[in-house]
Structures are given as C-alpha cells and as structure tokens.
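The values are calculated or read from the model by the stated rules, or taken from the named source; none is laboratory data. Since we're looking at a predicted model, the values are computed, not measured. FYI the Cβ positions are ideal-geometry reconstructions off the backbone, even for glycines, and counts take in every protein chain you see.
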Amino acid sequence: MPGVSPASRALVGALFVACSVYDVPPSVEDTPSGGGDGGGNGGAIIATAGKSAGGGNAPTSGGTAPASGGVSGSGSNVTPTSGTGGDTMPSGGGEGGVPGSGGDPTVNGGEGGAPPVVVDNCPNDPAKNEPGTCGCGFPDVATATLASCKTLISKLLHRYDFEGTGTTVTDRVGTAHGTVMGGATLSKVSGRGVVVLEGGTTGSYVDLPNGLVSVLTDATFEAWITWGGGNNFQRVFDIGDTDYSPPENNPRYGKTYIFLSPKIASGGVTFGYSLMSSSQELLVTGTTAMPQALSQVVAIADATADTLTLYMDGVLIGRQAWTGALSSINDVNVWLGRSQYNGDPELTATYHDFRVYGAALSAQEVATAFKGGTDPAFLAK
C-alpha cells in the first residue's frame, strides 16, 4: 500500500491473522476425528487451538470429540502437540465425550445347570450304584480293596447252605448232594438254614459224595460255623480214608486224609494233611482255638505253590510248605463234623455254610468271602 509505513503494514497483517483465527468457524475438515490412540477410553482429549500437524486414527472407545477447537494430535503413542500459532487452552472448545463404561461387576452370571443324574448301574444290588462288579452286596468303596466277587463265583464248585428240610443237603452249585447222618435234621437259625451237630462219640455229621477232592489240583475249603466248644480233635471237616477194610464209612485210624479241627491238644485251630496216618501229618496250627461264635475258617491246599494255608475270619493264621497232592488222598469218607479216627469226638457246632473252590484263593478273595458273610447275594442259592 503506497504511503503506508512498513510498521503499519505489519500491524495490519497481524490483525488480519488474528481475525482469521478467532472469527472464522472451523470447516468440516477441521472437525476433530478422534485424536488417535491419544483419545483413550473415557472421552477425547482437549483439542488444541489451530490445526494440528495431522489427524489421528479414530478412537477405539470413548465419547464424541469436541465440536470445535481444532483437531487433536496425531495418532502416535506420544502426547500430541498443538498447532502453530494457536492458544494451547482455547476458550471455545466443546465438551469432551462421555466416558465409556465396563460391565457391572455386581451383576451375577446365569444360573448353573441342574445336578448330574445318578444312574444306578446295579439296579438289582441295593448296596451298589456305580460301575464295578454288581451283585456283591457291598459298596464300591469296599470292593476297591477287595477282590471281585465274580472271581469267587467262577472258582466255586460246591456250596452247601443247609436250606431245606429233612436230611438232604443240597449242593447249590454242582450236583454233589449230601446227607445228614446220626439223627440230626436241617433246621433254621434267624430264618436261615443250618444243621446242628450235637457232638459226642456217636453223634450226627454230614456225609458228602466220595471223590469230591481227589480230582482237584488246588482247592479251598471255606466253612462258617458256630463252635460249641468241647474236647480236642473235633473235625470241621475230614476227607480221606482209614486203615479199616473196607475203609468207607468205617472210622478207625486215619490213613490218607486232609482235615480241619477247631482245636488240637498241642495248639489251636489246625489244618492238616497226611498220607501215612498221624506219624506223617503236616500241620498248620494257630495259637488259639476257634471262637465259640459265628466264624469263618478257610483252609487252602495249593499244589501249584506247594503250600498249605489257614485263615480265620479273613486273617492269615499260618502257612506251611507242602509237596503233597490231593490226588493221593483216597477220599471215600468226605465228612463234615466227623473224624477218620474213631477215638475223636464228633463236632459240637451249628454249621451255617460249607464251600469248596477248585482253586487256591488269594488273600483278597478270602477277605471278599468273609465280607460277604454266610449268605452272600453273589453266590448261588
């Protein structure tokens, strides 16, 4: 402008710039687009006056950017810088956005599902409902430490539970039925079958079929009796022959035999075997006699392992090395409650159950049989 001094021209320019900053509303392109990463959660940052060096990316969350006041800083992670020439705290900036909110931590989640349905996998066994062996009659927690009752079933050859009337003793597993001799008959105790043997020298006993044992390699004999006490050398069972001619049904001196006694003169409950009378007996003897109460006694002849073993109420009493054989016994007298020796008294006891297994039971199987009791649900009736 002619006639105007340089200082005046500078003043006019400064006023023009100032007016352009404060009086001109921002265009659409100057409306802040977010403030990039600097926008953060909870609303945009306060925009600086004047146009910034560059626009940032859209905010990831938060409120709406200010309607005026210039564009926020660039989308880097550093603090955005203001544009040149602008006031760092503009008076015309709009309100910041409304902070975003997270989920309410006090609100509970949805309800859980219904409890699992327990399926009874052993509907015929009231003591069991979980997978395992059904029919044993005792809970799974017990069978975890005992043998499967199914193994007992598979090894059982003969079982006499003394159910019925008269003198016939029925084999519930096989066909080796027996007879009560000496005037006794089958009866009941607490609703279950028994045979009561009265002892003495001409008392009653049970006679089982010949050849019951000599056909076996290994055998286990399990008896449940309530012993009535009395003299030594009574017999829970005695299987063999005598030196009498003929030996069948004629006790005198034992010759070849295997037997179990509640008590002998030199000790307690005893399991014995001999092929040459008493002079060659091999004995497994406990320290005490059988109790005069319902008890389980188990005698095992294991030719495979060459041992004779005795248990009382599931507990090991003793074991002896043995090189004999059941096949060497002439078992023409298979007696419960009677000795091959005519000088020994008959058994004074109530007989609840007698079982013969065609195998040597393990300690766990003996314990399982004891757990099952005199009338287990898993054995044939």
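In segment 260-277, is there at least one residue being touching a helix residue (DSSP H, G or I) at 6+ places or on another chain (Cβ under 8 Å), assigned to a strand (DSSP E or B), free of Cβ contacts under 8 Å to residues at least 40 places away in the same chain and in the same structural domain as residue 156 (by TED's automatic domain parsing)? Explain how you work it out, then say what you get.
Start the filter on segment 260-277 by keeping residues that are touching a helix residue (DSSP H, G or I) at 6+ places or on another chain (Cβ under 8 Å), which leaves 274-275.
Restricting the remaining residues to those that are assigned to a strand (DSSP E or B) gives 274.
Retained after the next criterion (residues that are free of Cβ contacts under 8 Å to residues at least 40 places away in the same chain): 274.
Imposing the further condition that a residue be in the same structural domain as residue 156 (by TED's automatic domain parsing) reduces the set to 274.
Yes, segment 260-277 contains a residue that is touching a helix residue (DSSP H, G or I) at 6+ places or on another chain (Cβ under 8 Å), assigned to a strand (DSSP E or B), free of Cβ contacts under 8 Å to residues at least 40 places away in the same chain and in the same structural domain as residue 156 (by TED's automatic domain parsing).
Return the residue satisfying two criteria in turn: it lies in segment 306-343 and is polar (S, T, N, Q) and in a loop (DSSP other than H, G, I, E, B), and of such residues it is nearest to residue 273 (Cα to Cα). Restricting to residues being polar (S, T, N, Q) and in a loop (DSSP other than H, G, I, E, B), the top hit is 323. Would you confirm whether or not segment 129-136 contains a residue that is modelled with pLDDT of 60 or more, touching a helix residue (DSSP H, G or I) at 6+ places or on another chain (Cβ under 6 Å) and assigned by TED's automatic domain parsing to the domain that holds residue 361? No.
Filter segment 344-381 down to the residues that are assigned to a loop (DSSP other than H, G, I, E, B) and hydrophobic (A, V, I, L, M, F, W, C) and list them by number. Spell out how you get there, then give the answer.
Restricting attention to segment 344-381, the residues satisfying the condition of being assigned to a loop (DSSP other than H, G, I, E, B) are 344-345, 358-362, 373-381.
Residues satisfying the conditions are 359, 360, 361, 377, 378, 379, 380.
Within the set 176, 223, 219, the sole residue that is part of a strand (DSSP E or B), among the hydrophobic types (A, V, I, L, M, F, W, C) and more than 25 Å from residue 292 (Cβ to Cβ) turns out to be 219.
Yes or no: segment 356-378 includes at least one residue that is among the small types (Gly, Ala, Ser), outside the structural domain of residue 262 (by TED's automatic domain parsing) and in contact with a Lys or Arg (Cβ under 7 Å, 6 or more places away or on another chain). There is no residue in segment 356-378 that is among the small types (Gly, Ala, Ser), outside the structural domain of residue 262 (by TED's automatic domain parsing) and in contact with a Lys or Arg (Cβ under 7 Å, 6 or more places away or on another chain). Checking the structure you have, find out if any residue of segment 176-190 is in contact (Cβ under 8 Å) with a residue 24 or more places away in the chain, over 26 Å from residue 269 (Cα atoms) and under 37 Å from the mean Cα position of the chain (by Cα). Checking segment 176-190: not a single residue is in contact (Cβ under 8 Å) with a residue 24 or more places away in the chain, over 26 Å from residue 269 (Cα atoms) and under 37 Å from the mean Cα position of the chain (by Cα).
If you take the residues of segment 276-293 that are surrounded by fewer than 17 Cβ atoms within 10 Å (Cβ to Cβ) and among the hydrophobic types (A, V, I, L, M, F, W, C), which of them is farthest from residue 325 (Cα to Cα)?
Restricting to residues being surrounded by fewer than 17 Cβ atoms within 10 Å (Cβ to Cβ) and among the hydrophobic types (A, V, I, L, M, F, W, C), the top hit is 293.
Taking the stated definitions as given, is residue 344 crowded, with 19+ Cβ neighbours inside 10 Å and over 19 Å from residue 158 (Cβ atoms)? Spelling it out, residue 344 is indeed crowded, with 19+ Cβ neighbours inside 10 Å and over 19 Å from residue 158 (Cβ atoms).
Assess whether residue 297 counts as being out of contact with any Ser or Thr (no Cβ under 9 Å at 6 or more places or on another chain), surrounded by 20 or more Cβ atoms within 10 Å (Cβ to Cβ) and either outside the structural domain of residue 227 (by TED's automatic domain parsing) or touching a residue at least 24 places away in the same chain (Cβ under 8 Å) (or both).
Judged against the criteria, residue 297 is a match.
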